[in-house]
Amino acid sequence: MFRFAHLTDPHVGPLPRPALKHLLGKRITGYVNWRRGRRDAHDMDLLASLVSDLREQAPDHIICTGDVCNLGLASEWPSSRIFLDGLGTPETVTFVPGNHDAYVYGSLEGLMAALDPYAVGDEPGLTRFPFVRRRGPVAFVGLSSAIPTAPFVASGKLGRTQVKHAEALLQALAPEPLLRVVLIHHPPHVGGAPAGRNLVDAERFEAMIGRVGADLVIHGHNHTGSLAMLVGPDDRPVPVVGAPSASARGGTLTHRAGYHLFRVHDEDEGRFRISAELRGLGPDGAFGSQGPVDISGKAPGRRLSARARA
Ligand SMILES: [Fe+2]
């Protein structure tokens, strides 16, 4: 059975003390915010516990959907590389960036240069996003919603060209006996995050999924576990699953440090089913399984984070 893990928003620290000359523009507000709260919200000991649990589980593949950085400082890029190297090799770990990785102009380019082998497709020579990595029965399609924004804005954007290329890729993959799993930092559905934090072209993404479908979409950004359902061709539901931050200290079960472990069950010829488990920090302070996660959208009482149209 093929298993893959999804972690997100580790906000790797401690943040190196930035030189004043680097605290320009948006970074000043970001640094003040980080000093006030984010530094305490994210716990590197918890992140270490998560990585240790992940290593014990030994999934076949690991996905990180961004926000390895805090302010997109050059000094954070080597720390981010060390973090991903600690998860596994570029062959077994895939990365797509988040808004904190593209904090100001130049941040994203610097980070991606450091993390290059973790975010390239199987076929060399193509533009970086979207990319496809085939691993076992899964085709991972990596997207980037990371763009620099004004202070206090954390929105994301895919852009017309990236969505067009993603559509062509997903369409080409559809006849193959593979599960198509889309990776993105921002919740890519309408209503997935409030204005100022949302994917500004979520409608375009939803329409694209409506035309070509996917088997699963996984994202981060909201620092909480969530489920929404989109609709693909022939009314097939497409689960959109958000994971909690990998290093969050407090909050409820779906807010505390955790990650999702997905299992791909081989039902019969060419048919697969995906199940999910939340592994993370429990109420007792121990790190481990917090039980299965319903990704069918059918569990009674499940509150969907966005409009359910299935
Ligand atoms: Fe984040």
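Can you return the aspartates and glutamates within cross-link range of Lys164? Criterion is Cα-Cα under 15 Å, with same-chain partners fewer than 8 residues away left out.
Asp201, Glu203, Glu206
Provide the per-residue ³J(HN,Hα) series for the stretch 144-161, in order, calculated from phi with Karplus coefficients 6.51, -1.76, 1.60 and θ = phi - 60°, each as a whole number of Hz, with x at glycine and proline positions.
Once rounded to whole Hz, the list reads 10, 9, 7, 9, x, 9, 5, x, 6, 10, 10, 6, x, 8, 8, x, 4, 5.
Quick one: P(r) of the stretch 21-161 from all Cα-Cα pairs, 5 Å bins, percents rounded to integers, in order of increasing distance.
Pair shares across the bins are 2, 9, 18, 21, 20, 15, 9, 4, 1, 0.
Check Gly232: other-chain or 5+ apart residues with amide H under 5 Å from its amide H, H built from backbone geometry?
Those lying under 5 Å, H to H, from Gly232 are Val238.
Looking at the chain, identify the longest residue range that excludes and avoids all GluC sites (Glu not before Pro) in DSSP loops having at most 14 other Cβ atoms within 10 Å. Walk me through the intermediate numbers first.
On the way: sites that count: Glu91, Glu269.
Formally, the longest exposed-site-free interval is 92-268.
Return the long-range amide H neighbours of Val93 (sequence gap of 5 or more, or a different chain), with a cut-off of under 5 Å between placed amide H atoms.
Amide H to amide H, under 5 Å and 5 or more residues apart or across chains, Val93 pairs with Ile62.
Spelling out what I want: for every residue of the stretch 274-289, take phi, set θ = phi - 60°, compute 6.51 cos²θ - 1.76 cosθ + 1.60 (Karplus), and round to whole Hz; glycine and proline get x.
Calculated HN-Hα couplings, in order: 10, 10, 9, 9, 8, 10, x, 7, x, x, 7, x, 8, 9, x, 5 Hz.
How do the peptides 251-257, 280-286 rank, highest first, by the average count of neighbouring beta carbon atoms within 10 Å per residue? Before the final figure, lay out each step's value.
Numbers: 251-257: 18.7, 280-286: 14.3.
The packing order, highest mean first, is 251-257, 280-286.
State the volume of the convex hull built on the alpha-carbon positions of the chain, expressed per residue in Å³ and rounded to an integer.
Values: hull volume 38.3 nm³, N = 310.
Convex hull of Cα atoms, per residue: 124 Å³.
Using DSSP, restrict attention to beta bridges with both residues in the stretch 2-293 and report what percent are antiparallel, rounded to the nearest 5.
Details: 32 of 52 bridges.
Counting only bridges with both partners in the stretch 2-293, antiparallel ones make up about 60 percent.
Using only the alpha-carbon atoms, how far is helix 44-57 inclined from the longest principal axis of the chain? Give it as 0 to 90 degrees, nearest 10.
30 degrees
Which of the trypsin sites (Lys or Arg not before Pro) found in the stretch 96-150 are in a DSSP loop and have at most 16 neighbouring Cβ atoms, other than their own, within 10 Å? Walk me through the numbers on the way to the answer.
Values: sites: Arg128, Arg133, Arg134, Arg135; in loops: Arg128.
Within the stretch 96-150, the qualifying trypsin sites (Lys or Arg not before Pro) (loop, at most 16 other Cβ atoms within 10 Å) are Arg128.
Nearest 10 degrees is fine. How inclined is helix 76-87 to the longest principal axis of the chain, computing both from alpha carbons?
That works out to roughly 40 degrees.
Expressed in nm to one decimal, what extension gain is obtained for the pair Asp235 and Arg263 from 0.36 nm per residue of sequence separation less their Cα-Cα distance?
Values: separation 28, 0.36 × 28 = 10.08 nm, distance 2.37 nm.
Gain on stretching Asp235 to Arg263: 7.7 nm.
Calculated FRET efficiency, Ala172 and Ala150, Cβ-Cβ r, R0 30 Å, to nearest 0.05? Mind showing how you got there, number by number?
Numbers: r = 37 Å, r/R0 = 1.23.
Computed FRET efficiency for Ala172 and Ala150 comes out at 0.25.
Grab the DSSP H runs of the chain that are 4 residues or longer, score each as -39,500 (n - 2.57), total them, divide by all residues and round the 222 nm result to the nearest 500 deg cm²/dmol.
Numbers: 6 runs with 68 residues, N = 310.
Only helices count here, giving -6500 deg cm²/dmol.
Quick one: 3J(HN,Hα) in Hz for the stretch 166-172, Karplus 6.51/-1.76/1.60 with θ = phi - 60°, rounded, Gly and Pro as x.
4, 4, 5, 5, 5, 5, 5
Quick check on the stretch 166-257: take the gyration tensor over C-alpha atoms, sort the square-rooted eigenvalues as a ≥ b ≥ c, and tell me if it's rounded (a/c under 1.5), prolate or oblate. Before the final figure, lay out each step's value.
Values: a/c = 2.45, a/b = 1.76, b/c = 1.39.
Note, shape of the stretch 166-257 comes out prolate.
Just so you know, all these numbers are worked out from the coordinates, no wet-lab data involved. These numbers were taken from a predicted model, which means no experiment stands behind them. With ideal geometry, Cβ positions are generated from the backbone for all residues, glycine too; neighbour counts draw on all protein chains shown.
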